[in-house]
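Undergrad: This structure is in structure tokens; I'll ask about it shortly.
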Amino acid sequence: VEQTVLLDNPNGFDAQYECKLADPVFSVRPAGGVVRGRSSTEVVVRWSPDNEKPGTVVDALEIVCVGGVPPHKKVHLRGELPEGKLSFLEKALDFGPLGLGTTVTRGVTLRNAAAHDCIFQVDEPEDESSGASIAVSPMR
């Protein structure tokens, strides 16, 4: 997710700036530069959430005017990744009777009940004592 922040320089001289962030799920481009006198420039803040941890992330984009006097400008950032709601449409997969060494392919459908995109991951089965081999594609 990206949002644009407008940096405005009302003064008659150039102002060099640097952007600072604490949490790596947020990034800013460009992270520094010069705003010409009586003009403005845009920086883009991107939120790239960790796919494995739903929840809320709060940070602040600190805009430092190089050579300027604190306090520096801060833009509060908040990213919220809701819990996913994926389920299988099928209750079970019926492979029927199979001969030894036979390969059979069955498909399943994932249903997304959330109002947002969801990411899935398939874990390999841990119990291989039955001798059966299961392959899953795609894994993500």
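Undergrad: Can you compute the charge dipole magnitude of segment 2-81 about its Cα centre, using +1 on each Lys and Arg Cβ and -1 on each Asp and Glu Cβ, nothing else charged? Give it in debye, rounded to the nearest 20.
TA: On the way: 9 positive and 11 negative charges, 50 e Å.
Computed charge dipole of segment 2-81: roughly 240 debye.
Undergrad: Under 20 °C and 1.002 mPa s, how fast does the chain diffuse according to Stokes-Einstein, given a Kirkwood radius computed over C-alpha pairs? Answer in µm²/s, whole number. Mind showing how you got there, number by number?
TA: Values: Rh = 19.8 Å.
It diffuses with D of about 108 µm²/s by this estimate.
Undergrad: Checking the cross-link filter: which lysines have an alpha carbon closer than 17 Å to that of Lys20, excluding same-chain neighbours under 8 positions apart?
TA: Qualifying lysines at Cα under 17 Å: Lys73, Lys74.
Undergrad: When only Cα pairs under 8 Å and 6 or more residues apart are kept, what is the percent relative contact order across segment 2-81? Write out the running numbers ahead of the final one.
TA: Working: 159 pairs, mean separation 26.6, N = 80.
For segment 2-81, the relative contact order is 33 percent.
Undergrad: Next question. Can you give the FRET efficiency for Cys65 and Ala115, using 1/(1 + (r/R0)^6), R0 = 30 Å, r = Cβ-Cβ distance, to the nearest 0.05? Walk me through the numbers on the way to the answer.
TA: On the way: r = 40 Å, r/R0 = 1.34.
The value I calculate is 0.15.
Undergrad: Here's a follow-up. Which of the listed residues, Gly37, Leu98, Gly55, is farthest toward the dipole's positive end in the chain, when Lys, Arg count +1 and Asp, Glu count -1 at the beta-carbon?
TA: Going by the charge dipole, the pick is Gly37.
Undergrad: To continue, here is another question. Whole-Hz Karplus ³J(HN,Hα) for segment 114-119, in order, using 6.51 cos²θ - 1.76 cosθ + 1.60 and θ = phi - 60°, x for Gly and Pro?
TA: Couplings: 7, 8, 9, 5, 10, 10 Hz.
Coordinate-derived values only; no laboratory data. From a predicted model like this one, the values you see are computed outputs, not experimental measurements. Reconstructed Cβ throughout: ideal geometry from the backbone, glycine too, with neighbour counts over all protein chains shown.
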